[in-house]
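Trainee: A single structure is presented below for examination.
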Amino acid sequence: MTDLSVKIGSLVLKNPVMVASGTFGYAEEFKDFFDLNQIGGIITKTVTLEPRPGNAPPRIAETASGMLNSIGLPNVGVEHFIIEKMPFLQPLSTKIIVNVAGKTGEDFVEAVVRLEDVDRIDAYELNYSCPNVKEGGLTFSANAAIAEQVTRNVRKVTNRPLIAKLTPNVTSISEIGKAVENGGADAVSAINTLVGMAVDLGKKRPKLSTITGGLSGPAIKPVALAKVFELVQNLSIPVIAIGGIMNATDALEFLLTGAVAIQVGTANFINPRAPLDILEGVRDYFDKNRIDGISSFIGSIKT
Amino acid sequence: MSGNKILTEATVKHLEEIAENIFRMHLYEPHIAQTSHAGQFVNIQIAQGTTIFWRRPFSIHSTNPESGIFEILFNAVGRGTQVLKKIKNGAKLNLVGPLGNTFNHAPHLEEIIIVAGGLGIAPFKLLLQDLRKQQLKKTVFFGVSSTANLCCLDEFSRLGAKCRVSTEDGSKGYHGFVTDDLQNYLQELPDSSHRELLVCGPTPMLRKVQEIAQTLQINAQVSVENIMACGFGACMGCPVQLAHPHDDGKRYLLACKDGPVFNMDEILLDD
Ligand SMILES: Cc1cc2nc3c(=O)[nH]c(=O)nc-3n(C[C@H](O)[C@H](O)[C@H](O)COP(=O)(O)O)c2cc1C
Ligand code: FES
């Protein structure tokens, strides 16, 4: 059996299949569907310093080959997260990556400082890119100087690996990628959702309460592949791929393009066992094609 | 107790049109048939196509634990249900369930009053099955637009319920809204204590029942029908707003996980 382990800075995953923030709850929601310890890592729903109620309904809309969401980062806040959500995650033998967001740069730092005392957090993913937060989640990821500064400030308070999650809703994703690399990020993950809109003709209004939302699912896979490719070409830190990954073929395409690992997102809603199915498919592919060593496969796309 | 939610395949055993464009599907899946209770639902994958991307939630209409069969009801109006009504016997449907919570009435009631509008009737056959052995009065108020949309009445009678039908066109039973018939009934009772309303249907109907229940101080439980992506609390896409948050802010519960059954005075109904 091929060794599927991959390295993201000092973080070693037993395999490259993880689950994306906001699509896997706090993992407990999926415990009836498969053995969570099989997969490489779990990224939690975004946690913020203070609790957030989330946006008014309707928060979701079905679209062709995907969906729009404007959930608005509802969460219990970092204090309750530690008390209520971490105890389920701590005993797991997969990597636990806590996704953090803030209204200000200081919020990111404070939330991470609070999480530093907590056991079994293997890395942080900094959500610079949620399009659904009015206070401007986008400013962090759309402005290279700010993204670099926030990353540098968080870097000062933790030795745990830092993954900066990037938005595709910018002119140049690799410019932001280079900025967070300079700021001390160990890896980037991309992409978050694409800004989109859906209209209800009958009700003559937008389908989402916030008018626009974030598009995800198979519809965005080609965009994600292009952005991942661009990042791989331009950065020296590892790239983690997200965007429309529904099956093992999708996952393998991203690895071939140069991503060291992948995150399964919207697919979890359609097939709650998708992460395991994808992992088994990836393993089969390597076994059948006698590829020994995932590292020789990653980035081996011929261009 | 309800069983764990599972990802499984159910076999289509029978499909019948029981009223105009209203279908009843019999599905074989023993875990669902043996562990589900009234109010719970299954989330069915209808097609792996480009236009029907999400699963679709369906109330569990009835169960037969011995045969392993359970039933769902649907109105073939949407993109998903149009596909579902053409499915052949023997076909397999991928589903997740049982999901959600259950109706949970107080002990020592004198009467359970079911109020259903249109397809809101779906969860109540299982409710009457669950209550079969309980000695209490069961009354069903069922509102539809016309006789052609009526279903389930014989079975409900067999399960010990007294049915009162309202039609908006007056083609059968009370001529008008089911909530008016309900209001007349409740007002004529000498005493409305020891009764509980269990409600499912379109929002305008729910609003009216909420008002009646408040005025007469009757406890009411409602099963809400939100759009859903996952159905088990992972996407947070199905919020229901709390009527009385413990602070001034907005607070939400999740229809799929905290519901679909809520106390009516606990939530705000949206359009
Ligand atoms: C319902 C929903 C909620 C999401 N919530 C978050 C979140 O809280 N934090 C975050 O960083 N990304 C969030 N995302 C973005 C996903 O993690 C992912 O980047 C995006 O959906 C693209 O991947 P996909 O096409 O596989 O879903 C959310 C996506 C969806 C669909
Ligand atoms: S439908 Fe996903 S949380 Fe309710």
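Trainee: Over chain A, average the accessible area per residue using a 1.4 Å probe and give it in Å², no decimals.
Mentor: 38 Å²
Trainee: Tell me, what HN-Hα J-couplings in whole Hz come from the Karplus equation 6.51 cos²θ - 1.76 cosθ + 1.60 at θ = phi - 60° for each residue of the range B:230-237, using x for Gly and Pro?
Mentor: Ordered by residue, 3J(HN,Hα) equals 8, x, 9, x, 8, 9, 6, x Hz.
Trainee: How big is the protein assembly as shown by the Kirkwood estimate over distinct Cα pairs, in Å?
Mentor: With all distinct Cα pairs of the protein assembly as shown included, I get 25.2 Å.
Trainee: What's the Kirkwood radius of chain B in Å, using all Cα pairs?
Mentor: Result for chain B, one decimal place: 19.0 Å.
Trainee: With charges only on Cβ, +1 for K and R and -1 for D and E, what is the dipole size of the range A:6-296 about its Cα centre, in debye, rounded to 20?
Mentor: The calculated dipole for the range A:6-296 is roughly 540 debye.
Trainee: Something else now. Any idea what angle helix B:178-188 forms with the longest principal axis of chain B, computed on alpha-carbon atoms, 0 to 90 degrees, nearest 10?
Mentor: In chain B, helix B:178-188 runs at an angle near 40 degrees to the longest axis.
Trainee: For B:Thr203 and B:Asp265, FRET efficiency with R0 = 22 Å and r from the beta-carbon atoms, rounded to 0.05?
Mentor: It comes to 0.85.
Trainee: Which percent of Cα-Cα pairs in the range B:1-90 sits in each 5 Å bin, short to long?
Mentor: With a bin width of 5 Å, the distribution comes to 3, 14, 24, 27, 19, 10, 3, 0.
Trainee: Using every Cα-Cα pair within the range A:226-294, state what percent have a distance larger than 15 Å.
Mentor: On the way: 1238 of 2346 pairs.
Counting pairs separated by more than 15 Å, the tail of P(r) holds 53 percent.
Trainee: Further question on the same structure: How many Å² of accessible surface get buried when A and B come together, counting both sides, probe radius 1.4 Å, rounded to the nearest 100?
Mentor: The buried area between A and B, both sides summed, comes to about 2700 Å².
Trainee: Which one of B:Ala106, B:Gln214, B:Gly160 is farthest out on the positive end of the charge dipole of the protein assembly as shown, using unit charges on Cβ (Lys, Arg +1; Asp, Glu -1) and the Cα centre as origin?
Mentor: So the residue we want is B:Gly160.
Trainee: Have a look at A:Ala147, A:Gly40, A:Val112 and report the one farthest towards the positive end of the charge dipole of the range A:1-159, computed about the Cα centre with Cβ charges (Lys/Arg +1, Asp/Glu -1).
Mentor: The residue sitting most towards the positive pole is A:Ala147.
Trainee: Ok, one more. Just for the range A:6-296, what percent of DSSP beta bridges are antiparallel, to the closest 5?
Mentor: 40 percent
Trainee: Rounded to the nearest 5, what % of DSSP beta bridges with both residues in the protein assembly as shown are antiparallel?
Mentor: On the way: 54 of 105 bridges.
Just about 50 percent of them are antiparallel.
Trainee: Send over the per residue convex hull volume for the range A:12-153, Cα only, as a whole number of Å³.
Mentor: Each residue corresponds to 137 Å³ of Cα convex hull volume.
Trainee: Based on the inverse mean of 1/r over its pairs of different Cα atoms, what is the Kirkwood hydrodynamic radius of chain A, in Å?
Mentor: Evaluated on chain A, it is 19.1 Å.
Trainee: Something else about it: Can you tell me the orientation of helix B:203-216 relative to chain B, as the angle in degrees between its alpha-carbon axis and the longest Cα principal axis, to the nearest 10?
Mentor: 30 degrees
Trainee: What residues of the range B:248-271 lie in the reach of a label at B:Gln241, counting those whose backbone N is under 11 Å from a point 7 Å from the Cα along Cα→Cβ?
Mentor: It comes to B:250-252, B:268-271, nothing else.
Trainee: Next up: What are the principal axis extents of the Cα atoms in the range A:184-303, in Å, biggest first?
Mentor: 56, 33, 27
Trainee: Report the rotationally averaged projected area of the range B:111-223 based on its alpha-carbon convex hull, in square nanometres. The partial results should precede the final answer.
Mentor: Details: hull surface 25.6 nm².
That works out to 6.4 nm², a quarter of the Cα hull's surface.
Trainee: Show me, bin by bin at 10 Å from 0, the whole-percent P(r) of the range A:67-220 based on Cα pairs.
Mentor: With a bin width of 10 Å, the distribution comes to 11, 37, 33, 15, 3, 0.
Trainee: Given the C-alpha centroids of the range A:49-87 and the range A:217-273, what is the distance between them in whole angstrom?
Mentor: 22 Å
Trainee: To continue, here is another question. So if I take the centroid of the Cα atoms in the range B:130-170 and the same for the range B:1-56, what is the distance between those two points in Å?
Mentor: 23 Å
Trainee: What FRET efficiency, computed as 1/(1 + (r/R0)^6) with R0 = 41 Å and r the Cβ-Cβ distance, is obtained for A:Ser236 and A:Lys31, rounded to the nearest 0.05?
Mentor: So, using R0 = 41 Å, E works out to roughly 0.65.
Trainee: Using a 1.4 angstrom probe, figure out how much accessible area chain B has per residue, in square angstrom, rounded to the nearest whole.
Mentor: 43 Å²
Trainee: For A:Ala20, which sequence-distant residues (separation of 5 or more, or a different chain) have an amide H within less than 5 Å of its own amide H, given hydrogens modelled in the peptide plane?
Mentor: Result for A:Ala20 returns A:Val264, A:Gly265.
Trainee: For the protein assembly as shown, what is the charge dipole size about the Cα centre, in debye to the nearest 20, if Lys and Arg each add +1 at the Cβ and Asp and Glu each add -1 at the Cβ?
Mentor: On the way: 54 positive and 59 negative charges, 212 e Å.
Here the size comes out at about 1020 debye.
Trainee: Percent of accessible area on the range B:6-99 owned by carbon and sulfur, 1.4 Å probe?
Mentor: Reported share for carbon and sulfur atoms: 49 percent.
Trainee: Another question, if that's okay. Taking 0.36 nm per intervening residue step and subtracting the Cα-Cα distance, what contour gain separates A:Arg205 from A:Ser172 on full extension?
Mentor: 8.7 nm
Trainee: Another one. Using alpha-carbon positions, what is the distance between the centroids of the range B:209-252 and the range B:58-102, in Å?
Mentor: Measuring centre to centre over Cα atoms gives 25 Å.
Trainee: Just the number, please: carbon plus sulfur as a percent of the accessible area of chain A, 1.4 Å probe, no ligands or DNA/RNA counted.
Mentor: Of the solvent-accessible surface of chain A, carbon and sulfur hold 51 percent.
The values are calculated or read from the model by the stated rules, or taken from the named source; none is laboratory data. Model, not experiment: these values are computed from the prediction. Because the Cβ atoms are built from the backbone with ideal geometry, glycine has one as well, and the counts that use them run over all protein chains shown. Each accessible area value is taken on the protein alone, full model and side chains, heavy atoms only, with ligands, DNA and RNA left out. Shrake-Rupley method; radii C 1.70, N 1.55, O 1.52, S 1.80 Å.
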